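The values are calculated or read from the model by the stated rules, or taken from the named source; none is laboratory data. This one's a predicted model, so the numbers in the text were calculated from it and none came from an experiment. Ideal geometry is used to build each Cβ from the backbone, glycine not excepted, and the neighbour counts take in all protein chains shown.
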Amino acid sequence: MFFEIASLPYALPMLMQTPEGDGHPVLLLPGFMGSEGSLIALELFLRNRGYQVQTWGLGRNVGFRPGHASALEQKIRYLQHETGRRVSLVGWSLGGVFALYGAHQAPECVRNVITLGSPISLDSSGSAVPPLLRALYRLVAHPMGSAAHAMQPRAKTLREGRALPVPISCLYSLSDGVVPPQEATIDGDPTLRENIRVAGSHVGLGFNPLVLQIVADRLAQPEGQWKPYEPSGMLGMLHRALTHEAVPI
């Protein structure tokens, strides 16, 4: 995390060369135990690129709770109604799970979904998430841990993500340290699904210059003309170098 934050000032000139947005609404969703404050780098950067950026407005993310999930759907529908434009969802860690759920509940209101190190595979059996984090989730969110949520009808909806008619970009890292790559990626139609490998830590993804560049690239695509990510520019060259031109898994 400290490396990602420290590198941001040096990367700003290159980040300012990323495509400018078309002004459509972007909703940012924090990770587990994260608040809106954790999204400050993403929020300021995307505002600078010309998007109507909002955070979810539900305080700290303390787990996948029905009340928060319902409020998120209402906010997505409100933003689409208020602006007259479909909403892009960017979720960090557990925020990505919320983003996918929101896209399932209101697909006609969602333009695309971007997840950052998100545990989008909700089956708890065989999970490689560190035991300490699982214990924290049980303490804060539910005594049964993520298994309690995996058994709910909402989880079944999420596991059918490949049927969602919305482009999904999943950013993952081999050095994540929290969510393993196999749980942070998705399969399905390559014309609507992609997994993009980045170099960085789980807690630093929201401050990572390469992540910011990729998010800006994904959001800048014309609506209805989504294509898989192709690194470009200086940051794109750095991305290829750090990931050894990784291919989607």
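List of remarks:
- Count - residues of region 168-223 that are closer than 16 Å to Leu238 by Cα and in a loop (DSSP other than H, G, I, E, B): 3
- Scoring Ser70 on the criteria (1) modelled with pLDDT of 95 or more; (2) surrounded by fewer than 21 Cβ atoms within 10 Å (Cβ to Cβ); (3) not basic (Lys, Arg); (4) not in a loop (DSSP other than H, G, I, E, B) leaves a single failure, condition (1).
- Residue match in region 90-99 (condition: more than 22 Å from Leu58 (Cα to Cα), modelled with pLDDT of 85 or more and in a helix (DSSP H, G or I)): no
- Look at region 64-83: where a residue is within 20 Å of Ile120 (Cβ to Cβ) and in contact (Cβ under 8 Å) with a residue 40 or more places away in the chain and a partner is in a helix (DSSP H, G or I) and of a type in the set (Val, Ile, Thr), sitting 6+ places away or on another chain with Cβ atoms under 8 Å, you get Phe64/Val97.
- Scanning region 189-206 for residues that are touching a Lys or Arg at 6+ places or on another chain (Cβ under 8 Å) and either under 9 Å from Glu4 (Cα atoms) or of a type outside the set (Lys, Arg) (or both) gives a single hit, Asp189.
- Annotation for region 42-53: at least one member residue is crowded, with 18+ Cβ neighbours inside 10 Å, in contact with a strand residue (DSSP E or B) (Cβ under 6 Å, 6 or more places away or on another chain) and among the β-branched types (Val, Ile, Thr).
- Apart from one condition, Leu192 fits all of (1) modelled with pLDDT of 90 or more; (2) crowded, with 20+ Cβ neighbours inside 10 Å; (3) of a type in the set (A, V, I, L, M, F, W, C); the exception is (2).
- Residues that are in a loop (DSSP other than H, G, I, E, B) and within 10 Å of Leu29 (Cβ to Cβ) within region 55-67 comprise Trp56, Leu58, Asn61, listed in sequence order.
- Candidate set: region 17-52, residues that are of a type in the set (A, V, I, L, M, F, W, C) and free of Cβ contacts under 8 Å to residues at least 24 places away in the same chain; chosen: the one farthest from Arg111 (Cα to Cα): Ile40
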